[in-house]
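Have a look at the structure below before the remarks.
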Amino acid sequence: MDSIAVVTGGAGDIGRAIATKLAETHNHVVLVDIDEARVTVAADTLGTEKARAMICDITDNKQVQEMAQKIMSLGVVCTLVNNAGATWAGSLHELSPEIWKREVTLNLEASFLCFHAFEESLKRARGSVVNVASVNGLSVFGNPAYSSAKAGLIHLTRSIAVEYGKFGIRANAVAPGTVRTRAWEHRVEANPQVFEEAMRWYPLKHVIEPDDIANAVAFLSSKQAAAITGVCLSVDSGLTAGQTCIARGFSQSEYY
């Protein structure tokens with residue numbers, strides 16, 4: 001049967017980059033998003049008949065189940081990429097119970113719903129799940145509800161890896177740092193130097209690009225990663241390894 005890759009959050013820059021990369025190794029790539037106009041454009045811009053858009057609110061289990069049935073009629077889902085995510089509150093002081101629930105539902109629960117919907121197809125394919133988490137799930141960088149959900153997503157990744165390994169399913173996570181996407185536009189408008197200022201914390205002095213995330217996802221979903229499961233791969237230009245400015249201050253060494 002034809003192989004299918006499913007990418008949630010397909011209308012965004014990262015989702016589109018992931019879909020473009022996975023189109024190289026799958027018969028079909030389905031970009032799933034709640035934004036019909038944007039995801040349709042995203043699928044069209046891939047420039048391949050392999051790509052198609054699917055409209056779905058992935059926080060609604062009924063819609064997820066219906067979406068999964070439509071997709072599985074095309075073939076077998078070999079790769080599921082849970083990429084959709086968003087945040088609306090920068091701090092605990094700004095966080096209401098309603099926003100907390102909204103962020104946790106989108107950034108954690110929706111990934112479980114999608115995995116659950118495609119579980120049997122992934123078993124048949126001995127497939128791969130890649131969850132796009134965040135460095136926020138590894139340390140405190142603000143956005144507490146989003147960060148808590150991403151930490152939970154990393155643990156969900158490990159749970160799938162351990163429990164479903166006997167079916168040949170691999171599950172891994174990617175934890176991006178600062179990625180240059182349209183989601184940062186409002187921050188750039190407020191502070192045009194935001195990326196340059198952020199780079200002081202990154203050992204590589206490099207803003208991550210959507211293609212960097214796509215390359216990591218493609219590797220983890222490929223046969224080259226056949227023995228890799230349950231890991232969280234930071235794609236963060238060294239952010240979570242340590243900060244040179246702190247090391248310089250503590251060591252008083254000019255080499256940092």
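Summary of computed values
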{"item": "Cα extents of the stretch 215-256 along the three principal axes, largest first (Å)", "result": "45, 18, 12"}
{"item": "Residue with peak Gaussian network fluctuation, the chain [Cα springs, cutoff 10 Å], from Ala11, Ala225, Ala51", "result": "Ala225"}
{"item": "Cα pair distances exceeding 24 angstrom across the chain, given as percent", "result": "46 percent"}
{"item": "Semi-axis lengths (Å, descending) of the ellipsoid that matches the C-alpha gyration tensor of the stretch 79-125", "result": "30, 9, 5"}
{"item": "For the chain, with +1 on Lys and Arg beta carbons and -1 on Asp and Glu, the positive-most of Gln65, Val140, Asn27 along the dipole", "result": "Asn27"}
{"item": "The chain: most fluctuating residue of Gly230, Gly177, Gly142 per GNM, C-alpha cutoff 10 Å", "result": "Gly142"}
{"item": "Leading residue at positive end of dipole, the chain (Cβ point charges), from Val162, Leu122, Ala175", "result": "Val162"}
{"item": "Relative contact order [Cα under 8 Å, 6+ residues apart], the stretch 76-160, whole percent", "result": "42 percent"}
{"item": "Residue-count net charge about Leu106 - beta-carbon cut-off 14 Å; Lys, Arg +1, Asp, Glu -1", "result": "-4"}
{"item": "Degrees separating the helix 36-45 axis from the principal Cα axis of the chain, which is the longest one", "result": "90 degrees"}
{"item": "For the chain, built as a Gaussian network whose Cα springs stay under 10 Å, the top-fluctuating residue of Glu120, Glu98, Glu36", "result": "Glu98"}
{"item": "26 Å Cα-Cα reach of Lys123 towards lysines, excluding residues that sit fewer than 8 places from it in its own chain", "result": "Lys21, Lys50, Lys62, Lys70, Lys150, Lys166, Lys223"}
{"item": "Charge dipole (debye, nearest 20) of the chain; +1 at Cβ of Lys and Arg, -1 at Cβ of Asp and Glu", "result": "740 debye"}
{"item": "DSSP bridge pairs, the chain: antiparallel proportion in percent, nearest 5", "result": "0 percent"}
{"item": "Relative contact order (percent, whole number), the chain, Cα cutoff 8 Å, 6+ residue spacing", "result": "18 percent"}
{"item": "Cβ-based exposure ranking for Thr59, Thr178, Thr79, in which fewest neighbours within 10 Å come first", "result": "Thr59, Thr178, Thr79"}
{"item": "Residue-averaged 222 nm ellipticity for the chain, from DSSP H runs of 4+ at -39500 (n - 2.57), nearest 500", "result": "-12500 deg cm²/dmol"}
{"item": "Value of relative contact order over the stretch 6-61, rounded to a whole percent, pairs C-alpha under 8 Å and six or more apart", "result": "35 percent"}
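Since every read-out is calculated from the coordinates, none of them should be taken as a lab result. As the structure is a computational prediction, the values presented were derived from the model and not from experiment. Cβ sites come from the backbone with ideal geometry, for glycine too, and all protein chains shown count toward neighbours.
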